[in-house]
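Step one of this worksheet: look at the structure below.
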Amino acid sequence: MPKLLVDNKEIEVKEGTTLLQACLDNGIYIPNLCYLESMDDPSASCRMCFVEIEGEEKPITSCTVTVKDDMVVKTDTLSVRRLHRTAFRLLLSVHHVDCKNCHVNKKCELQRIAKYLEVGLKPKHLEQHLKEPDIDQDHPFLDYYPNRCVLCGKCIHICRKKHGQSVLTFAKRGFDTVISSYGKNDVSSLACEKCVVCVDICPVGALILKEAQE
Amino acid sequence: MSPADNEKLDQVFSAIREEAEKRRKAFREAPVPKIHIGMATCGIASGALETKKAFEETLAERNIEALIHPVGCIGHCYAEPVVIIDHPDSGFPPIFYHEVTAGKAKMLVKLFLEEGDPRFEHILGATVENDLIPSVMEFSRFNQEKRVVMEKCGYIDPEDIYDYIAEGGYSMLVKVLQLTPDKIIKEVRNSGLRGRGGAGFPTGKKWELAMHAEGQIKIVICNADEGDPGAYMDRTILESNPHQVLEGMAICAYAVGANKAVVYIRAEYPLAVKIVTKAIQQAKELGLLGKGILSSTFDLEIDVFRGSGAFVCGEETALIRSIEGYRGMPRHRPPYPVEKGLWGHPTVINNVKTLASVPPILENGATWFRGIGTENSPGTAIFSVVGNVVHAGLVEIPMGVTLRTLIFDICGGILNKKKFRAVQIGGPSGGCLPADLLDTPIDFDSLTEAGAMMGSGGMVVMDEDTCMVDVARYFLDFTQKESCGKCTFCRIGTHHLLRILERLTKGEGQDKDLEQLESLSEDIKTGSLCGLGKTAPNPALTSLKYFRDEYEAHVKEKRCPALMCRSLIAYYFDLDLCARGCDACATCCPVEAVFTTSNRKKGVDQELCVKCGECMVACPPEYDAVRKVSPSNLVPVVERAPEKK
Ligand SMILES: Cc1cc2nc3c(=O)[nH]c(=O)nc-3n(C[C@H](O)[C@H](O)[C@H](O)COP(=O)(O)O)c2cc1C
């Protein structure tokens, strides 16, 4: 079993574990939004879990690294923190901060990261850019809030895992990218009414069952 | 493979080659003039189809016999449609004509083919040295080029495989089939060939990794996605000499042990798709592709895949996803495609130019190739040089030639005698270099060091009327739209960069914007998942580094030094020059912002003016009375516009 040193703490983990998982399992938190242990291929899209590894020139996402014996890792250097904060501020610059009226208030991953990074939820550095409209009600059972979504892709992954094929998908490009859905018109073939895996896995409350809101 | 097989191989190929030579001889020796017309997309866009039709019709009308030979593109876009007329009976050598419109075609049939007068005023030059007409080789646009990849482009018919074979085509495939794969890879390694898709990864090394990768099935992909705005090197090569690329692919496939290959071409290149598809078909018919190539035990199927024109799909992992039927989104590397690529199989992805370099390397040897270019970047570079330059087009030069030589000697300098402002290299991932870096040699390392990038061959030359802030804004607008939306830094970060740049060009910039531009750019470069995000800030960063005074003028003085940013300029008429009674500007103003002053000259109503500049174009050159100023509050008020009723 590889032994490694993370922030001067020695940890021992199973061979083949990702560095991020190894840290989380040993009580060392690294901010992350898109990582799921059950993904074969980490999506590495939220760009939050940067760490520094001795011997590597630049900070690197810990979800894409497999642990190696004698690895020396730092999770809180200046350059790592700078990336954490910038990524987080970018996400907040497109986030409609309205925690009081959000059903995941106090359970939200963004609140947790804000606290951890000591970054206010209303960032001063970047202009706020929100999408219009604020809510997408196209789906017969789900409402989607694009200005909450961090596009981590967990909902797509979990839907595919459970149903073999995902009802949810990324749509549009660039800044306009959103989560959208297939097969909405044929309600009878949708498993969504009785399934809430996507709602449950969403770290930021961007998906919600219509009836839950009423 | 045993020698008996080699004998068979040579025998089968000799028969094909003999047929090619027979056809070539018949064409050459036919006692009639030959008309070679450049028919690639660039030629067609300039009217080559009409030119061809005019030749055909006039020949028929006047009952003149001649052979029309459609060829690809020689890369001289400024001169399209380009035609070579070989009329031995006239006593003249074969002649290059430029800008041969349908009318010129008719005239050339009558005056040159019929009467023997070559019409000197339309000649670019002779194709060979002779005593009658200066050869094109006296022209630096020709003699300073070094053609390796594009040697046959514009001289052979891309839709006739025998034309390529008669020029020695496919003989390197025959040769490598008699060698062991490691011999081939060693030769490619020794040549020092680096990938022409942008990053410059050593090709031999990539092939070696793929050869050793575990897997029963291996795949070769030719990357012809070519998404850089204004770049068209790969398209031209595929349209002008597809077989050289296919031969390179077949050699690669044999070397790494692949039996499947894909040419990934964007669907916006319909002619390239058509020509490559036809080329594959012809090669299969002759047994040069398909099952048991030339009676050997080597099989190779090549398919064409049409991409939907997303810039990010040129990135290798996104390209693979897109072939697999998914949304074109890049993945984290490693694993690299050579370990786990298309459908999970080890995959070599190479650019069109990389693959097309392979047959000449094997023909002439690694040492020959190393003799061209520089130590760390051997061989040639192909650029599509566009923008404010006299002789725009595709240029193939030895690596190491300086930007100055390329822009000023080979491409004839800046149009309209204007001053050089900057050159943008490497497309949206590249950078803008200023005049003091014109002596930078063109090679992978020097360009990267200067803050630009070799990229895959896009080069935009800009004159003094270009606003560098606006150029950065243009490229960020592109990358931001083409971002796949997957990762935070690229999706949201480039959007903020764009917004800041937009503010600057509108005169709404603040002091802190420049710092934010820089620091956010640095973070996007380090934080992004794929090459698109990692390089997207380059146009902003380099222009900020080399043209900081222009940025500051936009922020501090609300002034656009190039007089380009509409929000920061104003037009007025110099009344000493303005001609009394002339209405040229007033009639073309789309918003009726031009009014007549009390002494019957003209004035601009600044409230109405949309700064389109039409009046400047319309003002007759003998008056040249329209002026632009920045910042806009400097505009002299000559007379107030009359109240509109
Ligand atoms: C955003 C992006 C776009 C790219 N577009 C192209 C392209 O159009 N053509 C190309 O050959 N390589 C492109 N590349 C580079 C490919 O990922 C890959 O490195 C290349 O095809 C490898 O071929 P080479 O080794 O012959 O250079 C692109 C890379 C990025 C990040």
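Below is a table of values for the structure above.
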{"item": "Hz values of 3J(HN,Hα) by residue in the stretch A:43-55 - Karplus curve (6.51, -1.76, 1.60), Gly and Pro given as x", "result": "6, 6, 9, 6, 6, 9, 8, 5, 9, 10, 10, 4, x"}
{"item": "Neighbour-count order for B:Val555, B:Val469, B:Val32, fewest beta carbons within 10 angstrom listed first", "result": "B:Val32, B:Val555, B:Val469"}
{"item": "Simple label model, 7 Å out from Cα along Cβ direction - A:Gln165 to B:Lys481, nm", "result": "3.3"}
{"item": "Estimated FRET transfer efficiency (B:Thr297, B:His212; beta-carbon r; R0 22 Å; 0.05)", "result": "0.55"}
{"item": "Filtered GluC sites (Glu not before Pro), the stretch B:1-94: DSSP coil and at most 15 other beta carbons within 10 Å", "result": "B:Glu65"}
{"item": "FRET efficiency, B:Phe201 to B:Glu518 (Cβ-Cβ, R0 30 Å, nearest 0.05)", "result": "0.55"}
{"item": "DSSP bridge orientation in the stretch A:3-88 - percent antiparallel, rounded to nearest 5", "result": "80"}
{"item": "Chain lengthening between B:Arg627 and B:Lys110 when straightened (0.36 nm per residue, less Cα-Cα)", "result": "181.3 nm"}
{"item": "Fraction of alpha-carbon pairs over 20 Å apart in the stretch B:315-372 - percent", "result": "41"}
{"item": "Average Cα contact separation per residue, chain B, under 8 Å, 6 or more apart, as relative contact order %", "result": "10"}
{"item": "Beta bridge orientation in the protein assembly as shown: antiparallel %, DSSP, nearest 5", "result": "65"}
{"item": "Among A:Arg89, A:Arg81, A:Arg112, residue whose mean-square fluctuation peaks in a GNM of chain A (springs only between Cα atoms under 10 Å)", "result": "A:Arg112"}
{"item": "Nitroxide proxy distance, nm - points 7 Å out along Cα→Cβ at A:Glu56 and B:Glu464", "result": "5.0"}
{"item": "Theoretical gain in end-to-end length, B:Arg28 to B:Glu121 [0.36 nm per residue, Cα-Cα removed]", "result": "30.8 nm"}
{"item": "In order through the stretch B:195-205: 3J(HN,Hα) via Karplus (6.51 cos²θ - 1.76 cosθ + 1.60), integer Hz, x for Gly, Pro", "result": "x, 8, x, x, 7, x, 5, x, 5, x, 5"}
{"item": "Loop sites in the stretch B:354-431: trypsin sites (Lys or Arg not before Pro), DSSP, at most 12 other Cβ within 10 Å", "result": "B:Lys419"}
{"item": "Order of B:His495, B:His69 under a 10 Å beta carbon neighbour criterion, fewest first", "result": "B:His69, B:His495"}
{"item": "Sequence-distant residues sharing a close amide H with B:Thr380 (under 5 Å, placed H)", "result": "B:Met399"}
{"item": "Gain in span if fully extended, B:Glu57 to B:Met616, counting 0.36 nm per residue against the direct Cα distance", "result": "197.0 nm"}
{"item": "Filtered chymotrypsin sites (Phe, Trp or Tyr not before Pro), the stretch A:1-101: DSSP coil and at most 13 other beta carbons within 10 Å", "result": "A:Tyr29"}
{"item": "Column: log10 I(q)/I(0), Debye, Cα scatterers of the protein assembly as shown, q = 0.05, 0.06, 0.07, 0.11 Å⁻¹", "result": "-0.35, -0.50, -0.67, -1.35"}
{"item": "Long-range HN-HN contacts of A:Leu142 with modeled amide H, under 5 Å", "result": "A:Lys210"}
{"item": "³J(HN,Hα) computed for each position of the stretch B:476-493 - Karplus, 6.51 cos²θ - 1.76 cosθ + 1.60, integer Hz, glycine/proline x", "result": "5, 4, 5, 4, 5, 6, 8, 4, 6, x, 6, 9, 4, 4, 6, 4, 9, x"}
{"item": "Span from the the stretch B:334-349 Cα centroid across to the the stretch B:48-123 one, whole angstrom", "result": "49"}
{"item": "Computed label-point distance, nm, for sites A:Asp69 and B:Asn599 using a 7 Å Cα→Cβ extension", "result": "9.4"}
{"item": "Relative pair counts by distance (%), Cα atoms of the stretch B:380-466, 10 Å bins", "result": "20, 60, 20, 0"}
{"item": "Ascending count of other beta-carbon atoms within 10 Å, so fewest first, for A:Val73, A:Val65", "result": "A:Val65, A:Val73"}
{"item": "Chain B - mean residue ellipticity at 222 nm from DSSP helices (-39,500 (n - 2.57) per run, n ≥ 4, rounded to 500)", "result": "-10500 deg cm²/dmol"}
{"item": "The stretch B:253-362 - share of DSSP beta bridges that are antiparallel (%, nearest 5)", "result": "10"}
{"item": "Percent of Cα-Cα distances greater than 29 Å, calculated over the stretch B:161-370", "result": "16"}
{"item": "Under 5 Å, built H, 5+ apart or other chain: amide partners of B:Val71", "result": "B:Ile37, B:Gly38, B:Met39"}
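We did not get these values from a lab; they are worked out from the coordinates using the rules stated. What you see is a predicted model, and the numbers here were worked out from it, not measured in a lab. Cβ coordinates were reconstructed from backbone atoms using ideal geometry, including for glycine residues, and neighbour counts include every protein chain displayed.
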